[in-house]
Amino acid sequence: AQSVTQLDSHVSVSEGTPVLLRCNYSSSYSPSLFWYVQHPNKGLQLLLKYTSAATLVKGINGFEAEFKKSETSFHLTKPSAHMSDAAEYFCVVSDQEDTGRRALTFGSGTRLQVQP
Amino acid sequence: ETGVTQTPRHLVMGMTNKKSLKCEQHLGHNAMYWYKQSAKKPLELMFVYSLEERVENNSVPSRFSPECPNSSHLFLHLHTLQPEDSALYLCASSQERDMSGFYEQFFGPGTRLTVL
C-alpha cells in the first residue's frame, strides 16, 4: 500500500524568499514521485518527477525536489518565490501494486501564497 | 488543439437533469482517467480506461457512467446527481505500454460542476 502526506495545507512566503513544500510518502516498492501544480481554474501541470535516476530532480519554473529514501521525503523547493508561483501544489506517489500495475496516490495539496 | 481538452468548462444542473462531460486528448495516449476534486479533499480517482477497456472503477455511484468510444475520447454521463456531487471533474491521459505500468499523466483544465 502507498500513501503520501503533505505536511502543510497552507504556506505563505514573501516574494523573493525561498519556498519549501514538504511531502512524505510510504511505499512498498520502488516508487515514482511527482509534484503537480494547479493554478486557479486550471488543470494540474507536472512540475517535476523522480523515477529512480538522480535523487535531485530539477523541474520547470526553477523548482526542484530531492528524493531522500532514508527520510521517505520528497520536499519541493525554490530559491526565490515569484508572485506567479501562487497556486496549489500536489505531491503524488506512483507505486507498483501487487497486481503489477502502478497506481497514483495524490496528497491533499498545499496552497502556496506569495506576498508582495 | 493540443494536450487534453474538456468541455464544458462549467456546468450547472438540477438533480433530475441528464448531462455529459467530454474529454479529448491529442497526445496519442492509450489510457484515460476521470478524477473528482472536491474542496479540501485529495483528488479521487473515479475511472481508468486502458486501451479503451475500463480497468478500474473505484466504487463510484451508478449515477456516474463513463464511456470511452476510442483512445482519444472519454465521456462521463451524469444523471440524477446530488448536491454533494458538485466538484471539479478532471480528465487525464497517459501512455501505457502494457498492464504493468502507468506513466506520467497529463491533465485537462477540468469541468466545474454545480448540482442544484
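The values are calculated or read from the model by the stated rules, or taken from the named source; none is laboratory data. Nothing here was measured: the structure is a model prediction, and the numbers come from that model. Every residue, glycine among them, receives a Cβ derived from its backbone with ideal geometry; neighbour counts consider all protein chains shown. Areas reflect the complete protein model, heavy atoms only, side chains present, ligands, DNA and RNA absent. Shrake-Rupley method; radii C 1.70, N 1.55, O 1.52, S 1.80 Å.
List of remarks:
- The stretch A:50-69 - residue that is part of a strand (DSSP E or B) and more than 12 Å from every other protein chain (Cβ to nearest Cβ) and, of those, farthest from A:PRO79 (Cα to Cα): A:LYS68
- Looking across the stretch A:63-96, the residues that are open to solvent by 10 Å² or more (accessible area, probe 1.4 Å) and over 14 Å from the mean Cα position of the chain (by Cα) come down to A:LYS69, A:SER70, A:GLU71, A:PRO79, A:SER80, A:HIS82, A:MET83, A:SER84, A:ALA86, A:GLN96.
- Whichever residue in the stretch A:34-49 is at the interface with chain B (Cβ under 8 Å from one of its Cβ atoms) and open to solvent by 20 Å² or more (accessible area, probe 1.4 Å) and, among such residues, is nearest to B:PRO109 (Cα to Cα): A:LYS42
- Verdict on B:GLY14 being within 14 Å of chain A (Cβ to nearest Cβ) and surrounded by fewer than 17 Cβ atoms within 10 Å (Cβ to Cβ): no
- Those strands (runs of 3 or more DSSP E) of the stretch B:32-76 that lie entirely within it include none in which at least 2 residues are of a type in the set (Val, Ile, Thr) and free of Cβ contacts under 8 Å to residues at least 12 places away in the same chain.
- Qualifying positions in the stretch B:20-31 - in a loop (DSSP other than H, G, I, E, B) and over 10 Å from B:SER93 (Cα atoms): none
- Residue within the stretch A:16-27 that is within 12 Å of another protein chain (Cβ to nearest Cβ) and touching a Lys or Arg at 6+ places or on another chain (Cβ under 9 Å) present: no
- Evaluation of B:LEU88 against (1) open to solvent by 70 Å² or more (accessible area, probe 1.4 Å); (2) aliphatic (A, V, I, L, M); (3) within 11 Å of chain A (Cβ to nearest Cβ) (one fails), failing number: (1)
- One residue stands out among those in the stretch A:97-113 that are charged (D, E, K, R) and at pLDDT below 90: the one that is most open to solvent (accessible area, probe 1.4 Å), which is A:ASP98.
- Where B:VAL55 falls short, out of the listed (1) open to solvent by less than 70 Å² (accessible area, probe 1.4 Å); (2) at the interface with another protein chain (Cβ under 10 Å from one of its Cβ atoms); (3) under 24 Å from A:GLN38 (Cβ atoms): (3)
- Looking only at the stretch B:20-52, and only at residues there that are over 12 Å from the mean Cα position of the chain (by Cα) and farther than 26 Å from B:THR2 by Cβ, the one that is most open to solvent (accessible area, probe 1.4 Å): B:LYS40
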